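Novice: First, the structure itself, so that you have it in front of you.
The values are calculated or read from the model by the stated rules, or taken from the named source; none is laboratory data. These figures come from a predicted structure and were not determined experimentally. Quick reminder, even Gly has a Cβ in these numbers, built from the backbone with ideal geometry, and neighbours come from all protein chains shown. Accessible surface areas use protein heavy atoms only, side chains included; no ligands, DNA or RNA. Shrake-Rupley method; radii C 1.70, N 1.55, O 1.52, S 1.80 Å.
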Amino acid sequence: YFTASFATMLENDYDITAEPDLRHGRIDFKVSNGAEKVIVEVKKSLNQHVVRGVESQLVHYCKTENASTGIYLVVTFNEPGLDEKMRTIEEDIELQRQKTGLDLSVEFIDGSRKAPPSKGGESLPLF
């Protein structure tokens, strides 16, 4: 899937830049096609700054790069308080959408280790 998606992007003149070191910090990914730009900021849910990163990084980078779209990609792990963190991030995304007019979204990816199906498929401790 990734290879096919990447090939399609290249065929359609998309530029994908990982961690460009710009004058205002490192963006995780910048995807562009002509003047159209999308900023992707990636965080682990375990990161102590994950909740405030929406405004301090995603919105900031979208503005400084003149990107109208931003995606906050959060890799989650089995941890206490995760549901509350996710709710807070979703609320902040909506608040920043209303405040800035930017097309912002959040995606959560389960990064916890899983036991194989033969072992019941339950999450294993990460550390």
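Novice: Tally up the carbon and sulfur contribution to the accessible surface of the range 58-110 as a whole percent, 1.4 Å probe, everything protein left in place.
Specialist: Carbon plus sulfur share of accessible area: 50 percent.
Novice: Given K63/K85; K44/K114; K30/K85; K37/K99, which pairs have Cα atoms separated by over 22 Å?
Specialist: K63/K85; K30/K85
Novice: Next up: Please state, as a whole number in µm²/s, the translational diffusion coefficient that the Stokes-Einstein equation yields for the range 25-64 at 10 °C and 1.306 mPa s, with Rh defined as the Kirkwood radius across alpha carbon pairs.
Specialist: Answer, rounded: 146 µm²/s.
Novice: A follow-up question, please. For the range 59-99, report the accessible area per residue in Å² (1.4 Å probe, heavy atoms, rounded to an integer).
Specialist: Heavy-atom SASA per residue in the range 59-99 reads 56 Å².
Novice: When Lys and Arg each count +1 and Asp and Glu each count -1, what net charge do the other residues less than 12 Å away from N66, Cβ to Cβ, add up to?
Specialist: Summing Lys and Arg as +1 and Asp and Glu as -1 gives +1.
Novice: Bin width 10 Å, alpha-carbon pairs only: give the P(r) of the range 61-118 as whole percents, running from 0 to the bin holding the largest distance.
Specialist: So the P(r) values, bin by bin, are 20, 41, 25, 11, 3.
Novice: Sticking with this one: log₁₀ I(q)/I(0) of the range 8-97 at q = 0.15, 0.19, 0.21 Å⁻¹, via Debye over equal Cα point scatterers, no solvent, to two decimals?
Specialist: Values, matching the q order: -0.59, -0.87, -1.00.
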